[in-house]
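Trainee: Once you've had a glance at the structure underneath, I'll fire off some questions.
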Amino acid sequence: IQERDSLIEDNQSQLEQQKRVLGEIQTTLGDNQQQINALRMTLLARDAIIADLEGRLSTARAAAHKLEVRLDATQQEGAKLQEEIETLRSQHRRSSGRSPLTLPDSTQRHLKTLEEAECLLAVKLRETQRQARSGEEARRKLEGQVRDAEERIHEREVKLQRMEEDNRKACFAIEGFMKRSKSQSREVEQLQAECRRKDRCIQALTLEMSQLREGCYKVQARTSAPTVHADMTEEENEVTICSLY
């Protein structure tokens, strides 16, 4: 009985310990789930940031392309003006070697207009080049921001996948743990039922023994030991009478 009670106590102690471990695991799972939810919200926010950056990057690329087109057009226009100026000057050098001051007024005005246009075009070209460089720098900066955001999102996604995998493993462990706990609970219940059954048997046997002793005492009271077996001792007579009873 003592061994049985010790076994029951050990099983109950294991069940209590398993319940505590289960509570700790469930608390950890709850914390992990909160972190997973926070990571998912962060990923959604990062997705919105990346979408915004990609939109700005697309705008910057379009602006850079537009500046490149303007730059090409300005350069072509400057080349045409330069060619026209050189043509006029060449024509003047071929004609009697006169200085530009001796050219006809209309030619001088046209040459002056071309030179002014050339100067303005050079200013415009420098400004366009500056804008193109600025646009290129902005584009590279945005591309860097997009790459950084994508890397951070990838890190968060990896962390999220790892935590979800850990949670799945923990859930499987809890399921197995619960099955073992239920099995041990059934075993404890069976042992307790067996104990109760044996206790009832012991009580019945104890009652029966008490009744037998009482019967023996009654028989002893009605009879004397020498009339039963004269050659037996009192103790042997008692045993014989109890056996006969």
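Trainee: Checking the table LYS80/LYS124; LYS19/LYS198; LYS19/LYS179; LYS198/LYS218 against a 22 Å threshold on Cα-Cα, which pairs fail?
Mentor: Flagged as over cut-off: LYS19/LYS198; LYS198/LYS218.
Trainee: How long is the gain from VAL21 to HIS65 if the chain were fully straight, where each residue apart is worth 0.36 nm and the alpha carbon distance is subtracted?
Mentor: 9.5 nm
Trainee: Apply 1/(1 + (r/R0)^6) to the Cβ-Cβ distance of GLU165 and ARG56, taking R0 = 35 Å, and write down the FRET efficiency to the nearest 0.05.
Mentor: Rounded to the nearest 0.05, the efficiency is 0.50.
Each value in this text was obtained by applying a stated rule to the coordinates, not by laboratory testing. Bear in mind the structure is a predicted one, so any value in this text is a computation, not a measurement. Note that we place each Cβ from the backbone using ideal geometry, even for glycine, and neighbour counts take in every protein chain shown.
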